[in-house]
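Please read the structure below before turning to the comments.
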Amino acid sequence: MIYKGSCHCKAITFEVDAPENIEADHCNCSVCAKSGFLHLIVPLSKFRLLSGGDSISTYTFGSGVAKHTFCKVCGIKPFYTPRSNPDGIDINVNCLDTLPASVNVTEFDGQNWEQYAHKLAHKSK
């Protein structure tokens, strides 16, 4: 299915090709917990930025591999480049305009990222 999504103010809009029933990850690291991010990691080829490239700001920390992107206008983080899958993109399920038929959420221990990151590596393939 093609899902459309956006930040709160709709300055950034995108679409993503993903299954009708989504497998998402809920991470307990400080960045994800504080931003309310619900992860849907897909290959970059399944993502299209429709508008708002000039409204995107990027935040990095630590290794600098993850590119946390957010809207300069409203501050919402609709997607980003994850450290676990730098060849893919991570969509915030909470930013999809239409919710999937079902979302199966798996807990991910991001507070111990180094120990568990390998469990996400297949998602952008």
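The values are calculated or read from the model by the stated rules, or taken from the named source; none is laboratory data. Keep in mind it's a predicted model, so treat the numbers as computed, not measured. We place every Cβ from the backbone using ideal geometry, glycine too, and count neighbours over all the protein chains shown.
Would you please name the residue that is surrounded by the fewest Cβ atoms within 10 Å (Cβ to Cβ), looking only at residues in region 37-48 that are among the hydrophobic types (A, V, I, L, M, F, W, C) and farther than 15 Å from Ile76 by Cα?
Taking the candidates together, the pick is Leu44.
Restricting attention to region 37-54, and to residues there that are in a strand (DSSP E or B) and of a type outside the set (A, V, I, L, M, F, W, C), which single residue is nearest to the chain's Cα centre (by Cα)? Lay out the reasoning, then the answer.
Within region 37-54, the first condition is being in a strand (DSSP E or B), and the residues that meet it are 38-43, 47-51.
Next, from what is left, pick out any that are of a type outside the set (A, V, I, L, M, F, W, C): 39, 43, 48, 51.
Numbers: His39: 5, Pro43: 11, Arg48: 13, Ser51: 17 Å.
My answer is His39.
Quick check on His68: is it under 11 Å from the mean Cα position of the chain (by Cα) and at pLDDT below 95? Outline the logic, then answer.
On the way: under 11 Å from the mean Cα position of the chain (by Cα): yes; at pLDDT below 95: yes.
The answer is yes for His68.
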Report task. Output the number of residues of region 70-105 satisfying the condition of being under 22 Å from Glu23 (Cα atoms) and part of a strand (DSSP E or B). Result -> 13
Requested in this report: Would you mind stating whether Ile2 is of a type outside the set (Ser, Thr, Tyr) and surrounded by fewer than 19 Cβ atoms within 10 Å (Cβ to Cβ)?
Outcome: yes
Query - Which listed residue is surrounded by fewer than 18 Cβ atoms within 10 Å (Cβ to Cβ), of a type in the set (Lys, Arg) and either free of Cβ contacts under 8 Å to residues at least 24 places away in the same chain or part of a helix (DSSP H, G or I) (or both), from Lys34, Lys123 - result: Lys34
Report task. Those residues that are closer than 19 Å to Leu50 by Cβ and aliphatic (A, V, I, L, M), I need them from region 66-98; list them, please. Result -> Val73, Ile76, Ile89, Ile91, Val93, Leu96
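Hey, can you tell me all the residues within region 20-31 that are assigned to a strand (DSSP E or B) and surrounded by 13 or more Cβ atoms within 10 Å (Cβ to Cβ)? Let's see the steps before the verdict.
Applying the first criterion (assigned to a strand (DSSP E or B)) to region 20-31 yields 21-27.
Ile22, Glu23, Ala24, Asp25, His26, Cys27 - these are the residues of region 20-31 that are assigned to a strand (DSSP E or B) and surrounded by 13 or more Cβ atoms within 10 Å (Cβ to Cβ).
Kindly indicate which of Ser51, Ser63 is modelled with pLDDT of 95 or more, of a type outside the set (D, E, K, R) and exposed (fewer than 13 other Cβ atoms within 10 Å of the Cβ).
Details: Ser63 fails: modelled with pLDDT of 95 or more.
Sole residue among the options that is modelled with pLDDT of 95 or more, of a type outside the set (D, E, K, R) and exposed (fewer than 13 other Cβ atoms within 10 Å of the Cβ): Ser51.
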